[in-house]
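The values are calculated or read from the model by the stated rules, or taken from the named source; none is laboratory data. In this text the structure is predicted, and so the values were computed from the model without any measurement. Every residue, glycine as well, gets a Cβ built from its backbone with ideal geometry; the counts of neighbours run over all protein chains shown.
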Amino acid sequence: MGKEFPKDFLWGGATAANQLEGAYQEGGKGLSLPDVLPGGKERMDVVNSPDFDFKVHEDKYFYPNHIGIDHYHHFKEDIALFAEMGFKCYRFSIAWSRIFPNGDEEQPNEAGLKFYDEMIDECIKHHIEPVVTISHYELPLNLITKYGSWKSKKLIEFFERYAQVVLNRYHDRVKYWMTFNEINSAAHFPIMSQGLTNANGGADKKNIYQAWHNQFVASSKAVKIGHEIDPNLQIGCMILYATTYSYDSNPVNQMAALKANQENNFFCADVQVRGHYPAYTKSLLAKYNIKPEDIDYTQEELDLLAKYPVDYIGFSYYMSTVEEVTRNDLNSSKGNLIGGVTNPFLKSSDWGWQIDPEGLRIALNELSDRYQKPLFIVENGLGAFDKPDDNHYVADDYRIDYLREHIKAISEAIDDGADVMGYTPWGCIDLVSASTGEMSKRYGFIYVDEDDHCEGTFKRYKKQSFDWYKKVIASNGADLD
Ligand code: BG6
């Protein structure tokens with residue numbers, strides 16, 4: 001038996017509305033960005049083509065997010081399974097397009113609000129603390145096509161209204177919130193968190209920095225609203241963190257790693273946690289020929305950022321990345337749409353994501369040293385091809401190995417001094433992949449009988465990892481065997 005985790009550590013799992021709910025036109029829901037993303041490995045190529053038109057083309061493509069795992073109709077069964085594993089918390093997102101179907105209405109959609117009332121009540125019934133992401137890769141489509149997405153300041157107003165509605169409605173039952181999922185992912189793929197692609201300005205970095213500024217302001221407004229309702233609410237940011245190494249001791253590569261860290265890992269959190277733009281902002285903008293005055297911002301907005309920073313740092317961790325800028329004979333690793341050079345010390349997942357538990361310990365130390373705020377690992381996990389036997393049982397010992405090593409790394413980081421609130425492995429029940437729209441990229445403790453075309457019985461089956469994780473939680477992290 002190993003060491004127990006801190007008392008009240010939040011063990012759980014994480015999902016996002018658009019990747020599992022389905023029912024994309026039920027309960028008054030409007031169309032959202034993922035509803036126009038086709039399934040399959042070519043998803044990002046289609047989205048990045050200059051003629052991508054943000055429309056559904058059923059004659060050409062299949063849209064797995066329309067169906068998901070039909071969680072909309074199975075959520076009680078799914079939450080009961082989470083409870084059976086002993087989840088202390090469950091991270092899910094609210095679909096903005098269920099609450100404001102077009103994003104710009106004055107009044108919310110009551111049917112959407114009721115759906116999340118039921119979901120939250122179901123969690124509470126099972127003594128599971130809900131952890132809510134307000135915006136997880138799921139913009140109402142109309143905000144993209146009519147207003148140009150997050151590069152428009154109009155979106156601040158719409159987000160504020162949305163945040164006001166959900167915080168008011170659920171604050172009595174939901175203490176933990178996050179504003180934007182992987183806000184910094186726009187450094188790599190601006191489509192998911194900012195609704196920007198080559199077809200609507202995503203190729204121009206100025207738009208991305210403008211969109212970030214608008215999102216920072218929107219996030220601070222949510223913190224303000226939340227704390228005015230109840231100062232005990234905990235409202236975090238959520239960043240994608242990929243620990244970044246220099247390939248070798250060449251100072252040039254070390255500097256490249258430092259700069260990549262600033263740009264890819266820290267920039268958004270620096271603003272959201274510290275409440276002001278970091279000193280390197282000007283040089284970062286200059287890299288893209290942007291001057292600070294090219295960004296539309298006001299002193300009032302900067303004051304808001306300073307006054308309402310986030311309470312904690314939520315982050316996803318799947319992999320590390322390597323910087324090498326002097327050679328071009330090295331293989332590149334394409335994991336999670338993030339480039340970098342292949343790390344010869346690491347193995348990769350079925351999708352080429354490099355597996356690095358020690359990198360999580362490093363991430364926790366780096367974030368802890370930099371911000372001195374509580375840290376919440378709200379995504380981590382292994383996307384793999386699972387092969388069920390005739391009884392639909394998946395012996396996913398490879399997933400157990402992955403999770404065990406990452407949990408050990410968390411325990412070590414806690415010993416190092418990091419203040420870690422909890423751990424919610426991604427896709428605790430199989431769901432549609434964000435980057436490729438595949439069902440066959442599975443992360444769950446629970447197998448959902450459904451293929452890449454959303455055909456199957458939709459029955460849920462416990463994998464080997466289900467009982468293992470149950471034991472981990474029951475022992476508060478002491479029993480990882
Ligand atoms: C994170 C996202 O990037 O990684 C999730 O927040 C996503 O939405 C997860 O599903 C895993 O990525 P993928 O592409 O394997 O689904």
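Listed values, structure above:
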{"item": "Condition broken by His136, with the remaining ones in (1) crowded, with 24+ Cβ neighbours inside 10 Å; (2) in contact with an Asp or Glu (Cβ under 7 Å, 6 or more places away or on another chain) satisfied", "result": "(2)"}
{"item": "Total residues in the stretch 290-315, condition out of contact with any helix residue (DSSP H, G or I) (no Cβ under 8 Å at 6 or more places or on another chain) and surrounded by 19 or more Cβ atoms within 10 Å (Cβ to Cβ)", "result": "2"}
{"item": "Only listed residue being farther than 23 Å from Ile235 by Cβ and in a loop (DSSP other than H, G, I, E, B), chosen from Tyr147, Tyr137", "result": "Tyr147"}
{"item": "Given (1) more than 16 Å from the ligand (Cβ to nearest atom); (2) free of Cβ contacts under 8 Å to residues at least 60 places away in the same chain; (3) assigned to a helix (DSSP H, G or I), index of the condition Tyr402 fails", "result": "(1)"}
{"item": "Residues located in the stretch 107-130, provided they are out of contact with any helix residue (DSSP H, G or I) (no Cβ under 9 Å at 6 or more places or on another chain) and within 21 Å of Ile473 (Cβ to Cβ)", "result": "Ile124"}
{"item": "Residue satisfying condition, being modelled with pLDDT of 95 or more, of a type in the set (A, V, I, L, M), in a loop (DSSP other than H, G, I, E, B) and in contact with an Asp or Glu (Cβ under 8 Å, 6 or more places away or on another chain), within set Ala409, Ala395", "result": "Ala395"}
{"item": "Matching residues, the stretch 347-392, being charged (D, E, K, R) and in a helix (DSSP H, G or I)", "result": "Glu358, Arg361, Glu366, Asp369, Arg370"}
{"item": "Those residues of the stretch 105-160 which are within 17 Å of Ala186 (Cβ to Cβ), of a type in the set (Gly, Ala, Ser) and out of contact with any strand residue (DSSP E or B) (no Cβ under 7 Å at 6 or more places or on another chain), in sequence order", "result": "Gly148, Ser149, Ser152"}
{"item": "Qualifying residues in the stretch 184-199 (those that are surrounded by fewer than 22 Cβ atoms within 10 Å (Cβ to Cβ) and more than 15 Å from the ligand (Cβ to nearest atom)) - the one nearest to the chain's Cα centre (by Cα)", "result": "Asn198"}
{"item": "Selection status of Ile128, surrounded by fewer than 23 Cβ atoms within 10 Å (Cβ to Cβ), in contact with a Cys (Cβ under 8 Å, 6 or more places away or on another chain) and more than 15 Å from Glu21 (Cα to Cα)", "result": "yes"}
{"item": "Residue check for Pro34: farther than 30 Å from Ser475 by Cβ, at pLDDT 95 or above, of a type outside the set (Lys, Arg) and part of a helix (DSSP H, G or I)", "result": "yes"}
{"item": "Whichever residue in the stretch 412-427 is assigned to a loop (DSSP other than H, G, I, E, B) and not aliphatic (A, V, I, L, M) and, among such residues, is farthest from the ligand (Cβ to nearest atom)", "result": "Gly417"}
{"item": "Subset of the stretch 316-340 (residues that are in a strand (DSSP E or B), away from the ligand (no atom under 16 Å from the Cβ) and buried (at least 19 other Cβ atoms within 10 Å of the Cβ))", "result": "Val322, Glu323"}
{"item": "Filter result for Leu167 (more than 16 Å from the ligand (Cβ to nearest atom) and farther than 17 Å from Gly314 by Cβ)", "result": "no"}
{"item": "Test result for Gly40, surrounded by 14 or more Cβ atoms within 10 Å (Cβ to Cβ) and assigned to a loop (DSSP other than H, G, I, E, B)", "result": "yes"}
{"item": "Lone unmet requirement of (1) in a helix (DSSP H, G or I); (2) aliphatic (A, V, I, L, M); (3) closer than 18 Å to Gln234 by Cα for Val174", "result": "(1)"}
{"item": "Every residue from the stretch 433-456 that is within 12 Å of the ligand (Cβ to nearest atom) and in a loop (DSSP other than H, G, I, E, B)", "result": "Ser433, Ala434, Ser435, Thr436, Gly437, Glu438, Met439, Ser440, Lys441, Tyr443, Gly444"}
{"item": "Condition broken by Trp96, with the remaining ones in (1) surrounded by fewer than 24 Cβ atoms within 10 Å (Cβ to Cβ); (2) touching a residue at least 60 places away in the same chain (Cβ under 8 Å) satisfied", "result": "(1)"}
{"item": "Identity of the residue in the stretch 55-109, acidic (Asp, Glu) and closer than 25 Å to Phe180 by Cβ, that ends up farthest from the chain's Cα centre (by Cα)", "result": "Glu106"}
{"item": "Single residue of the stretch 238-265 satisfying the filter (among the aliphatic types (A, V, I, L, M) and either more than 16 Å from the ligand (Cβ to nearest atom) or in a helix (DSSP H, G or I) (or both)) that is farthest from Tyr280 (Cα to Cα)", "result": "Val252"}
{"item": "Qualifying position, being at pLDDT 95 or above and surrounded by 24 or more Cβ atoms within 10 Å (Cβ to Cβ), among Asn65, Asn109", "result": "Asn65"}
{"item": "Qualifying position, being within 16 Å of the ligand (Cβ to nearest atom), crowded, with 18+ Cβ neighbours inside 10 Å and over 24 Å from Tyr63 (Cα atoms), among Asp430, Asp396", "result": "Asp396"}
{"item": "Complete set of residues in the stretch 457-480 that are assigned to a helix (DSSP H, G or I) and of a type outside the set (Gly, Ala, Ser)", "result": "Gln464, Phe466, Asp467, Trp468, Tyr469, Lys470, Lys471, Val472, Ile473"}
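Yes/no matrix, rows are residues, columns are (1) more than 26 Å from Gly437 (Cβ to Cβ); (2) not hydrophobic (A, V, I, L, M, F, W, C):
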| position | (1), (2) |
| --- | --- |
| Tyr288 | yes, yes |
| Ile295 | yes, no |
| Phe315 | no, no |
| Val325 | yes, no |
| Asp329 | yes, yes |
| Asp356 | no, yes |
| Arg370 | yes, yes |
| Asp386 | no, yes |
